[in-house]
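No value in this document is a laboratory result; all are computed from the given coordinates. Bear in mind the structure is a predicted one, so any value in this text is a computation, not a measurement. When we count neighbours, we look across all protein chains shown, and the Cβ atoms used for this are built from the backbone with ideal geometry, even at glycine.
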Amino acid sequence: MGSSALKNFRIMKLLLDDYYRKINYLRLSVTDRCNLRCRYCMPEEGVESIKHRDLLTYEEIRKVIEVFARNGISKIRLTGGEPLVRKGVVDLIKGIARIEGVTDLSLTTNGVLLKEYAGALAEAGLRRINVSLDTLQPDRFAYITRRDRFKEVWAGIEEALRHRLSPVKVNVVVMKGFNDDEIRDFARLSLTYPLHIRFIEFMPLGKGSDWDGKEIIPPSQIMEEIREIGELIPIGPQANDGPAKRYYIKGSKGEIGFISPISSHFCEQCNRLRLTPDGKIRTCLFSDAEIDLKGVLRTSGDGDDEKVEEVLYRALQAKPEGHRIGDRRFKKCQRGMHAIGG
Ligand code: SAM
Ligand code: SF4
């Protein structure tokens, strides 16, 4: 091997948890604040925001990612709350994109500010993006998000496509009685746009939301509806695939995916950790167990990377084998999705 090839040759560390799952993915929530108020995620009023001094600073976030990436975390997703409402997030993305070992950098947004930011995000090094949109009907959008911003979100999706953020995925939380009559409309979008439509199951999260499981529509039912438009052709699993089961309709520009953490849970393949805006690591979306990273960052001296590494390895050990939804012992977690990072 020549010297330049040698220089580029890296032995990536393999992070395994106690169940031999390879952990390589960090979902990082940069803020709990949001410019929408989706009924299943946040209450309209009375939300106590995390105090500014308790938010991880961008410097702290960069340090965490540097240490984690050296240890084998290669995929980073920024989320929130709404990540685009935090000032300076484009510079944060630029910084993360340059961190050695980060090979996949993405963002989940509600799209309200995307028209304004898509170009800057692409320039900063973001490659792909997920936009959440549960309905194609402006009045329904205003109802479910409690804000009349449908037009901005759609314009944001078009702008993201124009800037070749690829793929642009559209996350649709399917809820019985709310948007289940729009399943085919969403699927049809994949015929005309290179969009990846992801149908996501509603999940029991946050003390504000009632949960009796009745909102859930199983993927088999969604697929049945889509087959009225055309045959769903499976796309074989690929290296960077997450938990989505992927398909396309013949002749379409985009694709269709299903993420069903409740009806077909994928805990045995779970590869992720989460970092909350106030610096807590969560090892499972559905568990309130948290490991404090912010405290470690703020008490250990500059350059004390070992302490950050220790927290990472503690998190690996603490990662549970699976969630207990459906079990009598299951208790809904207290933080809402906006404060965890979906
Ligand atoms: N604000 C951004 C957005 O909406 O894309 C990022 C954060 S949001 C919490 C991330 C994702 O979580 C969104 O796609 C949202 O629809 C989803 N989500 C929130 N609460 C949920 C729930 N109870 N069940 C399923 N998905 C949920
Ligand atoms: Fe905000 Fe996203 Fe939660 Fe909606 S789902 S309230 S956009 S954080």
Could you check which residue among Lys250, Lys94, Lys319 shows the biggest mean-square fluctuation in a GNM of the chain with a 10 Å Cα cutoff?
Lys250
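Excluding Leu113 itself, what net charge comes from residues whose Cβ is under 9 Å from its Cβ, given Lys and Arg +1 and Asp and Glu -1? Show your work: numbers first, answer last.
Working: positive: Lys115; negative: Glu82, Glu116, Glu152.
Every neighbour counted, the sum reads -2.
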Might you report the magnitude of the Cβ-based charge dipole of the stretch 63-119 about its Cα centre, with Lys and Arg at +1 and Asp and Glu at -1, to the nearest 20 debye?
80 debye
Under the Karplus relation 6.51 cos²θ - 1.76 cosθ + 1.60, θ = phi - 60°, what is the ordered set of whole-Hz ³J(HN,Hα) values for the stretch 311-322, x standing for Gly and Pro?
5, 4, 6, 5, 4, 4, 5, 7, 5, x, 5, x
The stretch 32-77: GluC sites (Glu not before Pro) falling in loop per DSSP and having at most 16 other Cβ within 10 Å:
Glu44, Glu45, Glu48
Taking the Cα centre of the stretch 1-147 as origin, sum charge times position over the Cβ atoms of Lys and Arg (+1) and Asp and Glu (-1), and report the length of that vector in debye to the nearest 20.
400 debye
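Taking 37 °C and 0.692 mPa s as the conditions, I'd like the Stokes-Einstein D for the chain in µm²/s, using the Kirkwood hydrodynamic radius from alpha carbon pairs.
Translational D for this selection: 158 µm²/s.
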Set Lys and Arg Cβ to +1 and Asp and Glu Cβ to -1, take the dipole of the chain about its Cα centre, and tell me which of Ala142, Phe68, Leu285 lies farthest positive.
Phe68
Local charge sum around Pro167 (other residues, Cβ-Cβ under 9 Å, Lys/Arg +1, Asp/Glu -1)?
+1
Can you pull out the trypsin sites (Lys or Arg not before Pro) in the stretch 32-92 that DSSP calls coil and that have at most 11 other Cβ atoms within 10 Å?
Lys51, Lys87
Put +1 on the Cβ of each Lys and Arg and -1 on the Cβ of each Asp and Glu in the chain; which of Gly230, Leu312, Leu28 then has its Cα farthest toward the positive end of the dipole?
Leu312
Could you give the longest part of the chain that holds none of the chymotrypsin sites (Phe, Trp or Tyr not before Pro) found in DSSP loops with at most 16 neighbouring Cβ atoms within 10 Å?
21-210
Efficiency by 1/(1 + (r/R0)^6): what FRET value for Ala120 and Lys51, r their Cβ-Cβ distance, R0 = 25 Å, to the nearest 0.05?
0.35
Top mean-square fluctuation among Ile249, Ile50, Ile217, Gaussian network model of the chain, C-alpha springs under 10 Å?
Ile50
In deg cm²/dmol, rounded to the nearest 500, the helical mean residue ellipticity at 222 nm of the chain, built from -39500 (n - 2.57) for every DSSP H run of length 4 or more, is -8500 deg cm²/dmol
Please name which of Ser166, Ile129, Thr108 has its Cα lying farthest along the dipole of the stretch 17-340 towards the positive end, using unit charges on Cβ (Lys, Arg +1; Asp, Glu -1) and the Cα centre as origin.
Ser166
Among Leu16, Leu107, Leu205, whose mean-square fluctuation peaks in a Gaussian network model of the chain (Cα, cutoff 10 Å)?
Leu16
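Mind sorting Glu159, Glu310, Glu152 by how few other Cβ atoms lie within 10 Å of their own Cβ, fewest first?
Result, fewest neighbours first: Glu310, Glu152, Glu159.
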Find how much the distance from Lys253 to Lys94 grows on full extension, using 0.36 nm per residue of separation minus their present alpha carbon separation; answer in nm with one decimal.
54.3 nm
About its Cα centre, the stretch 17-340 carries a charge dipole, from +1 on Lys and Arg Cβ atoms and -1 on Asp and Glu Cβ atoms, whose size in debye to the nearest 20 is 140 debye
Once phi is turned into θ = phi - 60°, what whole-Hz ³J(HN,Hα) does the Karplus curve with 6.51, -1.76 and 1.60 give for every residue of the stretch 98-104, x standing for Gly and Pro?
8, 6, 4, x, 7, 9, 9
Mind listing the long-range amide H neighbours of Val170? Cut-off is under 5 Å, sequence gap 5 or more, other chains count too, H placed in the peptide plane at 1.01 Å from N.
Val131, His196, Ile197, Arg198
